[in-house]
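The values are calculated or read from the model by the stated rules, or taken from the named source; none is laboratory data. What you see is a predicted model; the values in this text were computed from it and never measured. In this analysis, Cβ positions are derived from the backbone assuming ideal geometry, glycine residues included, and neighbour counts consider all displayed protein chains. All accessible areas refer to the heavy atoms of the entire protein, side chains included, with ligands and DNA or RNA removed. Shrake-Rupley method; radii C 1.70, N 1.55, O 1.52, S 1.80 Å.
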Amino acid sequence: MNYPLTLTKQIPDAQIIDLCDLLDGRTSPWLVATETDLEQAQVTIAHEPQLANATVTTALTFTSILAALAALHDEGELCCAAVMVDDHLGAGCAIDADLVFQRALFGASVIGNQEEK
């Protein structure tokens, strides 16, 4: 029999910024720019969704980013989950950061990245 294990961890705002810093144009071709607002606890992301001919700007709360991270972690979708959760979010990789932000923005990974896991 398997039992679910839930861990609670306080993640400082600075680690959200480090997660943003992992994003790059090669792994995340949909990304145009990010801007972090610590006072509002949100990240504004300029992105180019598929089938759109224009840049769209979306604000994501830190809470929604962490919810996406938790969901992907629970689903076993993150290749660097152990170091991201146990050590520091910025210790992950660009592919995992891409998956987290796509989940937070679109509810799923909808845009393929250029690298393989």
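Miscellaneous remarks
- For the range 9-88, the Rg and Dmax computed from alpha carbons only, in angstrom: 13.4, 40
- Approximate spin-label separation Ala91-Val110, in nm, with each point projected 7 Å along Cα-to-Cβ: 3.3 nm
- The simple spin-label model puts a point 7 Å past each Cα toward its Cβ; for Ile11 and Glu39 those points are separated by 2.5 nm.
- Ligands, DNA and RNA aside, Val83 has an accessible area near 60 Å² when probed at 1.4 Å.
- Heavy-atom accessible area order for Asp98, Asp87, Asp13, Asp74, largest first, 1.4 Å probe: Asp74, Asp87, Asp13, Asp98
- The value of relative contact order for the range 46-106, using C-alpha pairs under 8 Å at least six residues apart, is 31 percent.
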